[in-house]
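Trainee: The structure is given below, and queries will be raised subsequently.
The values are calculated or read from the model by the stated rules, or taken from the named source; none is laboratory data. The structure presented is a predicted model; accordingly, all values stated were derived computationally and were not measured. No Cβ is skipped: glycine too gets one built from the backbone with ideal geometry, and neighbour counts run over all protein chains shown. For accessibility, only protein heavy atoms count, side chains too; no ligands or nucleic acids. Shrake-Rupley method; radii C 1.70, N 1.55, O 1.52, S 1.80 Å.
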Amino acid sequence: MVADAFSHVRHWVFDLDNTLYPPEARLFDQIEVRMTAYVMDALGIDRARADHLRRHYWRHYGTTLAGLMREHDVDPTPYLTDVHDIDLQHLQKAPNLAARISNLSGRKIVYTNGSAPYAQKVLEARGLDGIFDAIYGVEHANFLPKPEKDAFDIIFAKDGVQATRGAMFEDDTRNLKAPHALGMKTVHVAPTPEVADHIHHHTDDLEAFLSQLEGGAK
C-alpha cells in the first residue's frame, strides 16, 4: 500500500507552481511574459534574445533569476515583485485538496522558487491558506534556487525538516534529486510520468494521491 511507504513521514514539503494548482491554470504563461519583459529592460536587449536567455538560465541555473544574478548582478527583490504581478482570479478553490493536506500527520510547509508573498497569494486564491505551518520562498534560501542542494539544506535547517522522515511533492523532476539523496520520499506531480531513480512515486492528481495516505501515518 502507498500509505505504508509514507507511514514514517512527519515532514511534508510541497512545491507551489504546477503542484498545488494544476498546470492547466497556466500561471507560468503570464510569468514568462513578464520575465522576458524584465530581462529586456534590465539588459537592454530585444525580445528574442531576452526570451532565449530566460530559457537558457532556467535550464542552466535552475531559475532565470539565478542566471540574472550570477551573470548580470540583477537585484532579485524588484524582479520577484514584478514577474509575480499576475492575474490569479481564474484559480479555482480546492476544498478537498485542503482537507487532504490538513489531514496529514506532522508539519506541512510550502517551498517554492518563487517568492513567499507570491506563494501566499496563490494559496489564498486556491483556498489553501492557513493549512501550512510555514511558507518559504527563494529569498529564504539566500536566493539560491532549487535544485541546488545548498538551497534545500538552508530551508530544511530553518524549518527543522528531518529529511529521513520527510516527503517532497514537486512537478520539476530536477528538484527531487537533492531531497531523494537526503533520504526523503519523492513524489513527482505532473500530467506525464518520468522514470528516474530519484522518483519514488508519480501522480497526475495530488488530491487523489493524498487520499491514499490517510490512515497510513499515525
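Trainee: Do the conditions hold for L144, that is, is it over 17 Å from Y61 (Cα atoms) and modelled with pLDDT of 95 or more?
Mentor: Working: over 17 Å from Y61 (Cα atoms): no; modelled with pLDDT of 95 or more: yes.
Here the answer is no, as L144 does not meet what is asked.
Trainee: Select from region 2-42 the residues that are assigned to a loop (DSSP other than H, G, I, E, B), under 20 Å from P117 (Cβ atoms) and not acidic (D, E) and write down the one among them that is most open to solvent (accessible area, probe 1.4 Å).
Mentor: Taking region 2-42 and keeping what is assigned to a loop (DSSP other than H, G, I, E, B), we get 6-10, 15-22, 26.
Subsequent filtering for residues that are under 20 Å from P117 (Cβ atoms) retains 15-21.
Among the residues that remain, those that are also not acidic (D, E) are: 16, 18-21.
On the way: L16: 0, N18: 36, T19: 8, L20: 3, Y21: 4 Å².
Here the residue is N18.
Trainee: Please count how many residues of region 96-105 are farther than 25 Å from K177 by Cα and open to solvent by less than 30 Å² (accessible area, probe 1.4 Å).
Mentor: Kept after step one, since they are farther than 25 Å from K177 by Cα, are these residues of region 96-105: 96-100, 102-103.
With the extra rule that they be open to solvent by less than 30 Å² (accessible area, probe 1.4 Å), the set shrinks to 97-98.
So the answer is 2.
Trainee: Run down L88, L80 and say which single residue is over 24 Å from H8 (Cβ atoms) and in a loop (DSSP other than H, G, I, E, B). Walk me through it before giving the result.
Mentor: On the way: L80 fails: in a loop (DSSP other than H, G, I, E, B).
Residue meeting the stated conditions: L88.
Trainee: Let me ask you something else. If V122 passes every condition in (1) in contact with a strand residue (DSSP E or B) (Cβ under 7 Å, 6 or more places away or on another chain); (2) crowded, with 16+ Cβ neighbours inside 10 Å but one, which one does it miss?
Mentor: Only one criterion in (1) in contact with a strand residue (DSSP E or B) (Cβ under 7 Å, 6 or more places away or on another chain); (2) crowded, with 16+ Cβ neighbours inside 10 Å is unmet by V122, namely (1).
Trainee: Ok, one more. Is it fair to say V189 is in contact (Cβ under 8 Å) with a residue 40 or more places away in the chain, touching a strand residue (DSSP E or B) at 6+ places or on another chain (Cβ under 8 Å) and closer than 16 Å to L16 by Cα? So that I can check it myself, show each step before the final result.
Mentor: On the way: in contact (Cβ under 8 Å) with a residue 40 or more places away in the chain: yes; touching a strand residue (DSSP E or B) at 6+ places or on another chain (Cβ under 8 Å): yes; closer than 16 Å to L16 by Cα: yes.
In short, yes.
Trainee: Here's another thing I want to ask about it. Could you list, in sequence order, all residues of region 43-74 that are among the acidic types (D, E) and assigned to a helix (DSSP H, G or I)? Even if it seems obvious, please write down each step before you answer.
Mentor: From region 43-74, those among the acidic types (D, E) are 46, 51, 71, 73; that's our starting set.
Within region 43-74, D51, E71 meet the criteria.
Trainee: With region 140-218 as the region, which strands (runs of 3 or more DSSP E) entirely inside it contain at least 3 residues that are more than 27 Å from G67 (Cα to Cα) and in contact with a His (Cβ under 9 Å, 6 or more places away or on another chain)?
Mentor: Details: elements: 166-170, 185-189, 201-203.
Answer list for region 140-218: 201-203.
Trainee: Any idea which of D171, D205 is surrounded by 18 or more Cβ atoms within 10 Å (Cβ to Cβ), of a type outside the set (A, V, I, L, M) and either closer than 16 Å to H8 by Cα or modelled with pLDDT of 95 or more (or both)?
Mentor: On the way: D205 fails: surrounded by 18 or more Cβ atoms within 10 Å (Cβ to Cβ).
From the options D171, D205, the qualifying one is D171.
Trainee: Could you please give the count of residues in region 125-156 that are of a type in the set (K, R), in contact (Cβ under 8 Å) with a residue 40 or more places away in the chain and either surrounded by fewer than 21 Cβ atoms within 10 Å (Cβ to Cβ) or more than 23 Å from K177 (Cα to Cα) (or both)?
Mentor: Quick first cut of region 125-156, residues of a type in the set (K, R) only: 126, 146, 149.
After this cut, where a residue has to be in contact (Cβ under 8 Å) with a residue 40 or more places away in the chain as well, the list is 126, 146.
So of that shortlist, the ones also either surrounded by fewer than 21 Cβ atoms within 10 Å (Cβ to Cβ) or more than 23 Å from K177 (Cα to Cα) (or both) come out as 126.
So the answer is 1.
Trainee: Right, here's the next one. Only one of these conditions is not met by K108: (1) under 24 Å from S211 (Cβ atoms); (2) of a type in the set (K, R); (3) open to solvent by 70 Å² or more (accessible area, probe 1.4 Å). Which number is it?
Mentor: Of the numbered conditions (1) under 24 Å from S211 (Cβ atoms); (2) of a type in the set (K, R); (3) open to solvent by 70 Å² or more (accessible area, probe 1.4 Å), the odd one out for K108 is (3).
Trainee: Which of (1) touching a Phe, Trp or Tyr at 6+ places or on another chain (Cβ under 9 Å); (2) at positive phi; (3) of a type outside the set (A, V, I, L, M) does D15 not meet, given it meets every other one?
Mentor: (2)
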